[in-house]
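Report on the following structure.
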C-alpha cells in the first residue's frame, strides 16, 4: 500500500477576494511550507527501526536471521562495514544528502526533492526505496493539513494588511 502526501483544500472566503496573482503566491507559499514541515518533522523517522515498522517497509535479507548466513546478507554486510542496521541506509550517503531540504513549490503543487540514491531498484526484489521514503502516515497527513491551513490563513491575513 502506498500513501503519497496528497490533500486538497476547500475554502470559504469572506470579504474582497485576492487577485489571481496574490492567490497563486499564497498557495505556492503553502506548498513550500508543507514540504519544509514534512522534511523537518518526518524525514528522519523514515530511517529508524520504528519508522520501518510504522511505514511497513519490506524486510531486507538478514533482518530476521541469526545464523551464520547473516554475515553474507545485506543487513550483515551493512552491520560489519558501517556498524548499524538502520533501514534505507547502507553508507548513509543518500540520507546525509537528503538532510538538506530542497522544496520546489508552485501554485499547482509542491515536492521535496530527495537524492537520486533512493531511485535505485534491485530487479530481483519488490523493494522500492523511493516509495518507502515518501510514505506518509495518516497522523502525519493530519499534521500537514493543519500546517497548510495555518500557513494559508497567515498568508490571507498578511495580504489583508498590505493592500
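The values are calculated or read from the model by the stated rules, or taken from the named source; none is laboratory data. Bear in mind that the values here come from a model prediction, so they are computed numbers and not experimental data. A quick note on method: Cβ atoms are made from the backbone with ideal geometry, for glycine too, and the neighbour counts reach across all protein chains shown.
Any residue at all in the range 20-32 that is assigned to a loop (DSSP other than H, G, I, E, B) and either at pLDDT 95 or above or surrounded by 15 or more Cβ atoms within 10 Å (Cβ to Cβ) (or both)?
no
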Residue within the range 59-73 that is within 18 Å of the chain's Cα centre (by Cα) and surrounded by 13 or more Cβ atoms within 10 Å (Cβ to Cβ) present: no
Complete set of residues in the range 33-57 that are over 17 Å from residue 85 (Cβ atoms) and surrounded by 14 or more Cβ atoms within 10 Å (Cβ to Cβ): 33, 34, 35, 36, 37, 38, 39, 42, 43
Meets criteria (assigned to a helix (DSSP H, G or I), free of Cβ contacts under 8 Å to residues at least 40 places away in the same chain and out of contact with any helix residue (DSSP H, G or I) (no Cβ under 8 Å at 6 or more places or on another chain)) for residue 78: yes
Residue within the range 66-74 that is part of a loop (DSSP other than H, G, I, E, B), without any contact (Cβ under 8 Å) to a residue 60 or more places away in the chain and touching a strand residue (DSSP E or B) at 6+ places or on another chain (Cβ under 7 Å) present: no
